[in-house]
1. Considering only the range 202-211, state which residues are surrounded by fewer than 18 Cβ atoms within 10 Å (Cβ to Cβ), touching a strand residue (DSSP E or B) at 6+ places or on another chain (Cβ under 8 Å) and part of a loop (DSSP other than H, G, I, E, B).
2. Answer yes or no: is there a residue in the range 126-146 that is surrounded by 23 or more Cβ atoms within 10 Å (Cβ to Cβ), over 19 Å from ASN192 (Cα atoms), more than 16 Å from the chain's Cα centre (by Cα) and in contact (Cβ under 8 Å) with a residue 60 or more places away in the chain.
3. Consider only pairs whose beta carbons are under 9 Å apart and that are at least six residues apart or on different chains; among these, list those whose first residue lies in the range 181-203 and is without any contact (Cβ under 8 Å) to a residue 40 or more places away in the chain and whose second residue is among the charged types (D, E, K, R) and not in a helix (DSSP H, G or I).
4. Please state which one of TYR186, TYR168, TYR177 is touching a strand residue (DSSP E or B) at 6+ places or on another chain (Cβ under 6 Å), among the hydroxyl-bearing types (Ser, Thr, Tyr), surrounded by 12 or more Cβ atoms within 10 Å (Cβ to Cβ) and modelled with pLDDT of 95 or more.
5. Specify the residue that is farthest from GLN204 (Cα to Cα); the eligible residues are those in the range 45-73 that are crowded, with 19+ Cβ neighbours inside 10 Å and of a type in the set (Ser, Thr, Tyr).
6. Would you check if ILE89 is within 17 Å of PHE43 (Cβ to Cβ), without any contact (Cβ under 8 Å) to a residue 60 or more places away in the chain and either touching an Asp or Glu at 6+ places or on another chain (Cβ under 7 Å) or outside any loop (DSSP other than H, G, I, E, B) (or both)?
7. Have a look at ALA84, ALA94, ALA12 and point out the one that is among the aliphatic types (A, V, I, L, M), at pLDDT below 95 and out of contact with any Leu (no Cβ under 8 Å at 6 or more places or on another chain).
8. Determine whether the range 69-77 contains at least one residue that is in a strand (DSSP E or B) and among the charged types (D, E, K, R).
Amino acid sequence: MTIRNIITAAAALLLLGGTDAMSAQDKDGAAKLETATLGGGCFWCLEAVYEEMAGVTEVVSGYAGGRGANPTYDEVCSGRTGHAEVVQITYDPAVTSFGEILGVFFTIHDPTTLNRQGADVGTQYRSVIFCHDAAQKETAEEAIAAVNASGAWKNRVVTEVTPLPRFYRAETYHQDYYANNEAQGYCQAVINPKLAKFRKEWAQKLKKGSS
């Protein structure tokens with residue numbers, strides 16, 4: 001069973017009644033959007049993937065979970081502030097559920113390595129789900145339990161699940177980083193494999209025109 005199957009099945013019971021088109025609309029008929037905030041290594045990687053996911057309307061790179069207001073990239077990279085690099089994802093729950101958002105999350109990064117992703121080492125690269133409400137917390141905990149039970153990873157998941165304190169938008173040059181720097185070495189060596197994995201394992205959740 002793939003991680004996608006595991007997470008989707010585990011989240012389904014918690015999301016009943018919350019993902020159909022009627023429940024995802026305001027009284028005026030407009031789409032009622034929701035937000036997820038996730039950290040899984042360099043935010044450039046997560047941003048590039050979620051920008052291709054159907055139902056996602058916006059992805060913003062930023063910082064969360066540390067000390068002090070308005071941290072800079074250099075301050076976060078120093079590890080002194082305790083912030084994690086994160087992406088804040090705005091999505092339409094009539095198209096994509098929070099469970100599927102997490103399914104992609106556990107597909108494209110290693111949730112079993114503490115404070116690192118590959119060569120990126122430090123608390124700023126920790127695996128973390130910053131929950132916006134109690135329902136997200138419950139879904140996240142169920143998803144982690146499902147991944148652990150599946151044996152999809154050799155080691156147990158160390159992903160932190162915690163309420164979102166405050167999100168700080170990262171500097172402008174970090175936004176849409178992959179789209180603006182696709183030929184750069186890091187994009188080719190690190191982001192491209194994550195994109196390829198997402199496109200293969202979540203082909204049905206690709207936005208039209210993505211490949």
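The values are calculated or read from the model by the stated rules, or taken from the named source; none is laboratory data. In this text the structure is predicted, and so the values were computed from the model without any measurement. All Cβ positions, glycine included, derive from the backbone under ideal geometry; neighbour counts span all protein chains shown.
1. Listed by number, the list holds a single entry, LYS207.
2. yes
3. What qualifies is GLN188/GLU182; ASN192/GLU182.
4. TYR168
5. For the range 45-73, the residue satisfying everything is TYR63.
6. yes
7. After ruling out the rest, the residue left standing is ALA12.
8. no
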